[in-house]
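The block underneath contains the structure these notes are about, expressed in structure tokens.
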Amino acid sequence: DAKTTQPTSMDCAEGRAANLPCNHSTISGNEYVYWYRQIHSQGPQYIIHGLKNNETNEMASLIITEDRKSSTLILPHATLRDTAVYYCIVRVAGSGGSNYKLTFGKGTLLTVNP
Amino acid sequence: DTAVSQTPKYLVTQMGNDKSIKCEQNLGHDTMYWYKQDSKKFLKIMFSYNNKELIINETVPNRFSPKSPDKAHLNLHINSLELGDSAVYFCASSQDTGSTIYFGEGSWLTVV
């Protein structure tokens, strides 16, 4: 019952920017957008998250539309090691209770080509 | 230093056996989780503990019993293993129930 829609797969050339889209048209005002990735045979790795404003860290940038119904994860200079399944997840903000779990969808398989 | 560590990484066992997977986090987090990733690669939450108390139990068969001896550990015990239990099991932790969740590297369980 993931509340996001992502393309099944995408390709990107090494050294170019990878732009991964995500639709979350039913997102609530108190839900964050989280991005994780899973490299083959490894555990999910946290990338970035945001609520309303665009966010940037050492791994990626997150662009959230003004209406918050979609977002884009940007890997500015993709490398072969960025080949992975990328998951976009909406998650209730705050703490306490049991409503703050991460619900994973199918994600986008990003393949970075040499 | 691995923040969330699981043992064993690989486990092959026969149907009907009882096995445990151990998880430890050295991040000082209050909340820990177990997720299961099946052969179709879907990641689903199984359990969550906050300060050693169970807060999420996602309709997992009662053959699966998590145990949290302290906040830094959340072990998963599985009784009477079945073929369908073959999967990758991921332990995770977060500072509290609403904070960013960090995952371990997974434990590959194969039931034969």
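The values are calculated or read from the model by the stated rules, or taken from the named source; none is laboratory data. Predicted model, so just to flag it, every value in this text is computed and none were measured. Positions of Cβ are backbone-derived with ideal geometry, glycine not excepted, and every protein chain shown enters the neighbour counts.
Considering every residue within the range B:14-32, establish whether at least one is surrounded by 14 or more Cβ atoms within 10 Å (Cβ to Cβ), at pLDDT below 95, within 21 Å of B:T100 (Cβ to Cβ) and within 10 Å of chain A (Cβ to nearest Cβ). Checked against the condition, which is being surrounded by 14 or more Cβ atoms within 10 Å (Cβ to Cβ), at pLDDT below 95, within 21 Å of B:T100 (Cβ to Cβ) and within 10 Å of chain A (Cβ to nearest Cβ), the range B:14-32 yields at least one hit. Among the residues of the range B:12-54, which ones are more than 23 Å from B:W108 (Cβ to Cβ) and in a strand (DSSP E or B)? If the condition is that a residue be more than 23 Å from B:W108 (Cβ to Cβ) and in a strand (DSSP E or B), then B:T31, B:N50, B:E53, B:L54 are the ones that fit.
Only strands (runs of 3 or more DSSP E) whose full extent lies in the range A:1-73 are considered here, and the ones with at least 2 residues that are loosely packed, with under 13 Cβ neighbours inside 10 Å and modelled with pLDDT of 95 or more are A:9-13. Per the conditions (1) within 14 Å of chain A (Cβ to nearest Cβ); (2) more than 17 Å from B:K36 (Cβ to Cβ), the sole criterion not satisfied by B:E58 is (2).
Considering each of B:A72, B:A3, B:A92 in turn, give the residue that is small (G, A, S), crowded, with 18+ Cβ neighbours inside 10 Å and in contact with a strand residue (DSSP E or B) (Cβ under 9 Å, 6 or more places away or on another chain).
Only one candidate passes the filter, namely B:A92.
The residues on offer are A:L102, A:L73, and the sole one that is within 11 Å of chain B (Cβ to nearest Cβ) and in contact with a Pro (Cβ under 9 Å, 6 or more places away or on another chain) is A:L102. Of the strands (runs of 3 or more DSSP E) lying entirely inside the range B:55-106, those containing at least 3 residues that are at pLDDT 95 or above span B:73-78, B:87-94.
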